[in-house]
Structure formats: C-alpha cells, structure tokens
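Undergrad: There's a structure below that I have some questions on.
The values are calculated or read from the model by the stated rules, or taken from the named source; none is laboratory data. What you see is a predicted model, and the numbers here were worked out from it, not measured in a lab. In this analysis, Cβ positions are derived from the backbone assuming ideal geometry, glycine residues included, and neighbour counts consider all displayed protein chains.
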Amino acid sequence: MNANLRTWTRRHSLIALLLFGAIAIAQTPIGPIINFKLPLFNDDGYRTGYLRGAEGVYANESDIRITDMELSQYSGDAQDAVIGAMESPEALFRYDKTGRSHASGPGFIMIENDTFRLTGEDWIWQEENNRVVINQNVRIVIFDQIGTLIK
C-alpha cells in the first residue's frame, strides 16, 4: 500500500470517527451545571445582576430549572452597588421568544432591598412588567417609615 493511500484512509477514518463522536454528543442530554455563577451587564458594561445557583438544568430550548437560586441586583452604574436580592430554593425560568420571560417556584421566595423584605411561597415573576405575585404565606417587613402612618 502506498503512502498516499494510507494517508487518505487515515484521514477518512479520522473524519468518520469525529463525525460519529459529534453525532453521539449531540444526542446525549446536557447534564446539570453545578455551582454556577452568572454576572449580568447592561449595554454600558456595568453590572446589573449576579445569578448564582447550586444546580442549573437546561430542560429544553426555553426552560431552565435552578436550585438554590440567589439573584443580586446591582445599580448598573459606576457605583456597582447591590440594590436588591431574591432567593428561592427552586426556580423555573422560562424564556419566551416574544420577550415575555418569567420565573416561578412552588416553594419559598425572599425578595429584599433597603426598604423592605418580602417572603412567601408559590411565586411567579414576570419580566414584562417586573411584577412578582406570591400566592401563599406572604409576609412583608418594611424598614422605612411610611409617611406619618408608620415610623
């Protein structure tokens, strides 16, 4: 067998092996992402958020399940100040192609900023109007005074 034929055969064997490996990988479900951290930035390059989770599981093209979710919200400017936080042991983020993304969780949620701490269970957050609905065991602690009503 001449050298050109051996080289040609090896190349095709290598190409076939790589192609088979790529197909096998494409058909294998993606495993969970463990102890992840995801910084979020605005168009000016300032941090707007920081998402952490014990585990992230990509369920399909629009759903991501996160356990032990912690989301810190930042000022989005040069001060880089934390202005709020949200925590939940389980969250399902659904990204809609129309821009109507939302997140939900069957269990506990805590939302906190300098003014209040809100806790409860069975929640949903809608990105479109930045609205949170908590359906059970809602409790709010207000840190600031409210006019002359509460000091």
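Undergrad: Taking the stated definitions as given, is E87 within 24 Å of D144 (Cα to Cα), within 14 Å of the chain's Cα centre (by Cα) and charged (D, E, K, R)?
TA: Considered against the rule, which asks whether it is within 24 Å of D144 (Cα to Cα), within 14 Å of the chain's Cα centre (by Cα) and charged (D, E, K, R), E87 comes out as yes.
Undergrad: Output the residue which, of all residues in region 111-148 that are in a loop (DSSP other than H, G, I, E, B) and at positive phi, is modelled with the highest pLDDT.
TA: If we take residues in region 111-148 being in a loop (DSSP other than H, G, I, E, B) and at positive phi, then N130 is modelled with the highest pLDDT.
Undergrad: Do we have A85 as within 19 Å of I111 (Cα to Cα), of a type in the set (A, V, I, L, M) and at pLDDT 90 or above here?
TA: Yes.
Undergrad: Shifting gears a bit: Only residues that are under 14 Å from E90 (Cβ atoms), charged (D, E, K, R) and part of a loop (DSSP other than H, G, I, E, B): list them for region 29-58, please.
TA: none
Undergrad: Still on this structure, I have one more. If you scan region 60-92, which residues turn out to be outside any strand (DSSP E or B) and surrounded by 13 or more Cβ atoms within 10 Å (Cβ to Cβ)?
TA: S75, G76
Undergrad: Is it the case that G53 is in the same structural domain as N129 (by TED's automatic domain parsing), closer than 27 Å to D144 by Cβ and in contact (Cβ under 8 Å) with a residue 12 or more places away in the chain?
TA: Spelling it out, it is not the case that G53 is in the same structural domain as N129 (by TED's automatic domain parsing), closer than 27 Å to D144 by Cβ and in contact (Cβ under 8 Å) with a residue 12 or more places away in the chain.
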